[in-house]
Amino acid sequence: MPNWCYNHLNVYGKLDFLSDFRDFFYKKSAESAEGTFEGGLFEAFSPIDGVNDTNWYERHLTHWGTKWDVRLEELDVNDYDDSLHLKFHTAWSPPIPFVSTLSLLYPNLHFALHFREDGMCFGGTSIAYRGVSVVSKVDFSDISYPDDCAPGDDAWDDVTEQINLKLEGAEIEAEAQFLKEMLFHGEKFGYEDD
């Protein structure tokens, strides 16, 4: 049984570009529900050849960043006018390479992946746009829950708050790194042709 990595993928962009992503996502979700598409979220957007060969594990890690695909029906989806938010779990690690691939497939959308893996005590944020990705990870192994506390206890809440502060720091760091990349690659991020 793996450690589960909790992921929250936010997709932002102008309505017409976001509509292309939404349409494909919902089309694949409907095909999955009908049984005409057997892949998951990653396979829908970034299919891998030779999925059943002996190197499947390495291929998944290289292309998706995680061991298994995510079933479309297991996604928690929040759809807004200017963004789409997907929540899902992955085995052991966040799907950072997958998010980078999405940013190449949909170069006019911004992707922000927030992830947390409590078993190995790490989390962070990955931001991708037009093939440029930045990742900020934090280790929270130095923070531990007291043995005699449970969710809802003050001690539990204090530790949870400490972890959340570290994760917020990772998000701020990723945003700062991303802004530096935007300045460095300014022409790549122009909206004039959007």
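The values are calculated or read from the model by the stated rules, or taken from the named source; none is laboratory data. Being a predicted model, the structure only gives us computed values, none of them experimental. FYI the Cβ positions are ideal-geometry reconstructions off the backbone, even for glycines, and counts take in every protein chain you see. The protein model used for the area step is the full one, side chains on, heavy atoms only, and it has no ligands, DNA or RNA in it. Shrake-Rupley method; radii C 1.70, N 1.55, O 1.52, S 1.80 Å.
Of these, Asp81, Asp49, which one is within 20 Å of Tyr12 (Cβ to Cβ) and part of a loop (DSSP other than H, G, I, E, B)?
Sole residue among the options that is within 20 Å of Tyr12 (Cβ to Cβ) and part of a loop (DSSP other than H, G, I, E, B): Asp81.
Does Glu58 fit the bill of being assigned to a loop (DSSP other than H, G, I, E, B), more than 14 Å from the chain's Cα centre (by Cα) and not β-branched (Val, Ile, Thr)?
no
Among the residues that make up the range 103-117, is at least one of them surrounded by 14 or more Cβ atoms within 10 Å (Cβ to Cβ), touching a Cys at 6+ places or on another chain (Cβ under 8 Å) and among the charged types (D, E, K, R)?
For the range 103-117, residues surrounded by 14 or more Cβ atoms within 10 Å (Cβ to Cβ), touching a Cys at 6+ places or on another chain (Cβ under 8 Å) and among the charged types (D, E, K, R): present.
State the number of residues belonging to the range 1-19 that are farther than 18 Å from Phe98 by Cβ and either of a type in the set (Asp, Glu) or in a strand (DSSP E or B) (or both).
1
For residues in the range 168-194 being at pLDDT 80 or above and open to solvent by less than 50 Å² (accessible area, probe 1.4 Å), which is farthest from Val135 (Cα to Cα)?
Gly169
Val99 is checked against (1) surrounded by 16 or more Cβ atoms within 10 Å (Cβ to Cβ); (2) among the β-branched types (Val, Ile, Thr); (3) without any contact (Cβ under 8 Å) to a residue 60 or more places away in the chain and fails just one. What number does that condition carry?
(3)
Restricting attention to the range 1-24, report how many residues are of a type in the set (Ser, Thr, Tyr) and either touching an Asp or Glu at 6+ places or on another chain (Cβ under 6 Å) or open to solvent by 50 Å² or more (accessible area, probe 1.4 Å) (or both).
Count: 2.
If I ask for residues that are assigned to a helix (DSSP H, G or I), open to solvent by 60 Å² or more (accessible area, probe 1.4 Å) and without any contact (Cβ under 8 Å) to a residue 24 or more places away in the chain, which ones from the range 25-46 would you list?
Answer for the range 25-46, where residues must be assigned to a helix (DSSP H, G or I), open to solvent by 60 Å² or more (accessible area, probe 1.4 Å) and without any contact (Cβ under 8 Å) to a residue 24 or more places away in the chain: Tyr26, Lys27, Glu34.
Name the residue that is surrounded by the most Cβ atoms within 10 Å (Cβ to Cβ), counting only residues in the range 47-77 that are among the aromatic types (Phe, Trp, Tyr) and in contact with a helix residue (DSSP H, G or I) (Cβ under 9 Å, 6 or more places away or on another chain).
Trp64
Where the second residue is open to solvent by 70 Å² or more (accessible area, probe 1.4 Å) and the first is among the acidic types (Asp, Glu) and lies in the range 150-161, which pairs have Cβ atoms under 9 Å and are six or more apart or on separate chains?
That search, which allows pairs on different chains as well, returns Asp157/Pro151.
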